[in-house]
Amino acid sequence: MSQFSAMFRSSSRCISAGVTTLASTLAASSAIALDDSDETKLSIIPPPSASTDNLTKNRVLSVANDQSRYNFPLSQKFSPRVPFPQWDKDWDEDRVEEIRSHSGEKASVVNNNVTKHIILIRHGQYDESSHLDEERILTPLGRRQAKVTGERIKKMIESCICERRGDLKSADNDNKVEDCSNNSGDGDVNSNCRVDIRHLRVSDMTRAKETAEIIREVLAANGGKIPELEVDEDLNEGRPAHVIPGGEKSRPRMSVESIERDSPRIERAFRRYFHRDVKIIKDDEDDDSNDDENTAAVSQEIAIVNVDPADIGSGESAPTATDPKEKKRRRKPKPSHQFEIIVCHGNVIRYMFLRALQLPPEAWLRLCTFNCSLTYFVVRPTGSVSCRSMGDVGHLEPEETTFSMHHGFNW
């Protein structure tokens with residue numbers, strides 16, 4: 001019996017040593033945190049030494065347990081700068097600083113007081129019979145989906161314009177909202193208001209570019225001033241992150257290689273387009289530096305016209321264009337709204353949805369984006385981000401609704 005006990009104790013020590021060695025190996029090879037930047041930063045936990053305390057040992061074993069949960073290296077697991085579910089209030093500071101740095105050392109970032117409306121659109125249904133991108137063109141139904149989607153976006157923007165015109169009219173006790181859809185004017189959805197389509201972006205894949213062209217044609221009907229398409233290869237379809245639950249146990253190597261290729265690119269696109277709208281001002285820049293004498297005189301006239309009648313005769317002079325308070329008032333931009341339309345792909349949209357809301361990107365396959373569905377975000381000047389819709393297909397009839405080659409909802 002004593003011989004058996006000695007053998008058992010010896011085996012237990014071997015097993016314990018083996019677990020510690022395995023944990024150390026996994027920690028050293030896999031505990032790599034993906035920083036919230038375009039580059040991967042290594043954060044390797046060293047193997048425990050003889051003097052390592054229990055807390056460190058438990059941490060190493062915890063890493064080993066974490067690794068055992070996933071069928072992919074921890075180096076490819078997204079690690080947020082602020083732990084989930086906390087909100088990172090400075091989530092876009094890297095991008096804002098990048099914008100500032102491109103303008104030179106002596107420059108300041110000023111909040112442009114713009115509310116950004118970002119509408120992500122998945123392309124229409126396309127022919128999947130070929131592996132060549134140029135042959136993967138929209139089906140007749142896909143073209144119809146794109147046209148209906150363009151009409152839907154046009155109505156959304158027109159309604160926004162109508163509401164703001166209504167706000168202006170309310171000052172005259174007239175709360176009637178103008179019907180832009182029946183406007184017999186030039187059809188310019190950007191006119192007479194502080195709402196505009198700033199960008200119309202699209203991936204470099206055929207099905208997305210065809211979809212974007214059709215949408216643009218609808219928006220530009222009747223002479224509307226719509227920007228040209230801006231093609232960005234970083235918006236191309238790809239595999240943005242690993243999948244939890246899942247992990248593609250049958251193809252782990254292929255999954256790892258795909259993410260090494262696609263994830264940094266898609267993350268780069270997210271950072272490029274999701275951030276507060278800011279204005280860069282040179283520190284030595286004077287808003288009135290280009291004003292000539294006539295402009296200064298006109299500014300003074302305006303100031304005099306707008307002076308409070310109660311101040312006339314009180315000895316107070318009207319504010320001038322050179323008055324510091326007046327300059328500050330003129331420098332502050334008025335609140336406005338900008339629309340950015342991005343036509344891209346299902347995986348990219350799902351990834352951006354989770355990143356924008358600061359949720360784990362590995363959940364992307366739990367979401368579903370139908371062809372020509374709308375995912376609508378609002379980024380406020382304060383940095384708050386809200387999603388008004390995800391994968392919305394309310395503008396499509398049931399018979400027009402598809403997920404790739406699947407029709408309707410019964411699949």
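Comparison of LYS77, LYS106 shows that the only residue that is over 16 Å from GLY383 (Cα atoms), at pLDDT 75 or above and of a type in the set (D, E, K, R) is LYS77.
Among the conditions (1) surrounded by fewer than 18 Cβ atoms within 10 Å (Cβ to Cβ); (2) in contact with a Ser or Thr (Cβ under 9 Å, 6 or more places away or on another chain); (3) modelled with pLDDT of 95 or more, the only one that ASP234 does not satisfy is (1).
Taken over the range 366-399, the criterion of being surrounded by 18 or more Cβ atoms within 10 Å (Cβ to Cβ) and not in a strand (DSSP E or B) is satisfied by THR369, PHE370, ASN371, CYS372, SER373, VAL393, HIS395, LEU396.
Residue-wise test of (1) in contact with a strand residue (DSSP E or B) (Cβ under 9 Å, 6 or more places away or on another chain); (2) in a loop (DSSP other than H, G, I, E, B); (3) surrounded by 14 or more Cβ atoms within 10 Å (Cβ to Cβ); (4) at pLDDT 85 or above.
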| position | (1), (2), (3), (4) |
| --- | --- |
| GLU248 | no, yes, yes, no |
| LYS279 | yes, no, yes, no |
| ASN294 | no, no, no, no |
| GLY315 | no, yes, no, no |
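Take LEU359 and tell me if it is of a type in the set (A, V, I, L, M), assigned to a loop (DSSP other than H, G, I, E, B) and more than 18 Å from the chain's Cα centre (by Cα). Spelling it out, it is not the case that LEU359 is of a type in the set (A, V, I, L, M), assigned to a loop (DSSP other than H, G, I, E, B) and more than 18 Å from the chain's Cα centre (by Cα).
The values are calculated or read from the model by the stated rules, or taken from the named source; none is laboratory data. Treat the numbers as computed from the prediction; the structure is a model and nothing was measured. Every residue, glycine as well, gets a Cβ built from its backbone with ideal geometry; the counts of neighbours run over all protein chains shown.
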